[in-house]
1. Can you classify the range B:538-602 as rounded, prolate or oblate using the Cα gyration tensor, where a ≥ b ≥ c are the square roots of its eigenvalues, rounded means a/c under 1.5, and otherwise it's prolate if a/b beats b/c and oblate if not?
2. Express in nm, to one decimal, how much length is gained between B:Ala16 and B:Arg47 on full extension, taking 0.36 nm for each residue of separation and deducting their alpha carbon distance.
3. List the residues, sorted by chain then number, that are 5 or more residues from B:Arg56 or on another chain and whose placed amide H is less than 5 Å from its amide H.
4. Given R₀ = 30 Å, what would the calculated FRET efficiency be for B:Asp580 paired with B:Ala301, taking r from the Cβ atoms and rounding to 0.05?
5. So what is the relative contact order for the range B:133-228, in percent, with contacts set as C-alpha pairs under 8 Å and at least six apart?
6. With labels modelled as points extended 7 Å from the Cα through the Cβ direction, what inter-label distance (nm, one decimal) is found for B:Thr147 paired with B:Thr195?
7. With a Förster radius of 22 Å, plug the Cβ-Cβ distance of B:Ile130 and A:Ala18 into 1/(1 + (r/R0)^6) and report the FRET value to the nearest 0.05.
8. Label-point separation (nm) for B:Arg93 and B:Glu607, each offset 7 Å from Cα along Cα-to-Cβ?
Amino acid sequence: MNIVFLLIPLGLVLLGGAVWALFWAVDSGQYDNMEDASRPVLEPDETPH
Amino acid sequence: MSDSAQHAFYSGADDAAHAVFSVEGMRCAACSRSVSRAIGDLPGVARVSVNVATQRAVVDWDPGKTTLPQICAAVAAAGFKVAPLEGAAASSRRRAERRAALKRIGLAGLGMMQTMMFVYCLYAGGSHGIDSGIAQYLKVAGMLIATPVLWYSGAPFFRGAWSDLRRRALGMDVPVALALALAYGASVINTLRGTGEIYFDSVTMFIFFLLAGRFVELAVRQRNLSATEALARSLPASVARLEADGSTRRVAPEQVRAGDRLWIPKGAVVPVDAGLIEAEARVQESLLTGESSAILKRAGATVLGGSVNVGHAIKVEALRPVEDSMLAHIVRLLERTQAERPTMARGADRIAAWFVLVTVALALGVAVLWWWIEPARALPAALAVLVVTCPCALSLATPAAFAAATTRLAKSGLLVTRPDALERLARADLVVLDKTGTLTSGAPVVQVTSTHSGLSRADALQIAAALEFVSDHPIATAFRPFVSPDRVAVAIREFAGKGVEGTVDGRLWRLGRADFVAQLGGDRPDDSAGGVLGSAAGVAATFAISDGLRDGAKNAVSQLRELGLQVVIASGDDPKVARDVGRQLDVQEAYGHLKPEEKLAFVRRREEAGARVLMVGDGINDGPVLAAASVSCALADGSAIAQAAADLLLLNESLTTLAQSIRTARQMRGVIRQNLTWSLLYNLAAVPLAAAGWIAPWVAAIGMSTSSLLVVLNAARLARPQASVPARRRRLPGPKSFLAEVHP
């Protein structure tokens, strides 16, 4: 039963890691534009002008 | 860019200044009231209007008595942040707002899952037996997670409630913050005491669901805003100006003055309203008028600022600086309308403020009552009442629908200049159409009615065109398209009120009234209508000249009829011509020879008889008539926008858009009604259940978020184009046009 005393703090550390990863992802702009990311697939690599 | 923002959104004279700026941090009706009070109390402020849905304030004031910085300071003192509207800064602010919201939601979501796990252990342990040491350990762990969630993710609720209270106003954050503080406080005390219920799971869930709801609201609001900002931002950062010595220099659009010559390469945006120097150019004005196909412009025509040059590179001469160009007027109008609140919304705001007060009182009553019956259930029941009630849906119902509808209409080419106009448009049941410039394009169209002595129709038109070539009579323009380089008239003489005479291919021709032509010789033609072409050999051809109906006029009239509107034509022209146009459009009631004051009297009479008149005119000659009708629409070109006498401005001059807009306005009215009904029903149903203790606090949080989400999403439906066939076709272009859209 005493393993719980170790596992819960470990869970909290993992939670902290997840929060840190999320904050990093948001701050580095990964969620800034959710719509346009799917568009380049439909465009040619270069457009002749 | 900051200079341009000043130009685009601040306009001032010596005694009257006008500015639009965005106010950050407004969440509800109470906030908007305190902002407008803070500004309105300043000396010299003539008018102030604040809108929560768009986060904007519009102020008209006397700059001699109060300065712009003083206004900003007053808003700051009320607890809000002022920022001038401008492209780049606004979008980076929006990005920051979005990122902060995502981080808060993320933390709350992760924290919520973790605390739920701990609390589940406690519940399970409660029935199966759990070591009290471990139970206490789980509670402390829950507190460790709930604390950062409360202080970081829940911060906006506390900040909002605090600024509400400081201003002695009641916003929707007050009950939420109260519930959070109560639940968290009681849980911490119980954890430290080592006995009693804890609500850490409820705290984290409240925060998560409320934040998620607000995030969607934020996204919808930002999408509506970005439509106007897309307009303001569409101007290029720099433009090539042709200097006197023949060189080019890149300057900012704001530096362009009237008379400057500019070089616009293919694919570039024209920065200001300008005259075309080149022989012809192909431009796309979709940004301004919603018309997506390219338009051919000829030398001397005005190319509007904001239109895209899709043809070859052109030279233009600036007509006006950026701040006087049509685009700036459109942006200013949109800003003003979206910042004002329709009358219906103001009513809902007042109700919402009372609503919060009643909620808090009710929660207190419920807590006291349960304290007598079963003390353990007092706190959860009071929390549920505080959280489940949703004044936000009530105060969002109208502005959200209005913002979505105006955005949608602006995209299709109709500008709403007054907030109540859409409501009145939805109710209109009689359309009075001006003829010239509204139903007809104002440009006469010529038709060959008969030819004699073996002359072909094409030859008749060419000869007539050659004769009319130098004339500046309006009718002469009808012949312009038929001018041929092979047929040139010499020795042209004009006879005022009769016609023209000239020699073509060595023969003397006359074009004009029948008796004038008959003087050359030959018979008098029997039908005297229109113009006659003839020579000494007699009549060669007769022409009918009529006002050309606008494209889609017939379709538009039948669409208006389908919508249940009665259609009337009121024209200043010859009654015969008016009736003729009426016949072509299947309109029985067509009146001619109406002077402006007679049109005015006509509209008044119909209004008094109970009709709600939608008056459609060209906006220039019929200002008073437009004002007399219950709602008015002007077919506006660049000049008319500045005057803006009408409630609605039709930028693409297509009456079909007007019919579509009536449909949208009616949809908006329907959506507002649904929204108000929903929020009333929801609150009436939810409050008694919560008071009875049948709703767990966390369910209450879901209920409230869902309720305000439903309202906002229901309104957002309006911003989407209708699922009619042509609209859908436009949404799904073929591969080629799709690419052209992405890389113009």
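1. Because a/c hits 1.5 or more and a/b fails to exceed b/c, the range B:538-602 counts as oblate.
2. 10.1 nm
3. B:Val23, B:Asn51
4. Here the calculated transfer efficiency is 0.50.
5. Details: 62 pairs, mean separation 27.0, N = 96.
It rounds to 28 percent for the range B:133-228.
6. 2.4
7. On the way: r = 27 Å, r/R0 = 1.22.
My answer for the efficiency is 0.25.
8. 3.9
Read-outs: derived from the displayed coordinates by stated rules, not from any lab. If you're wondering where the values come from, they're calculated on a predicted model, not measured in any experiment. Positions of Cβ are generated from backbone atoms using ideal geometry, with glycine treated the same way; all protein chains shown enter the neighbour counts.
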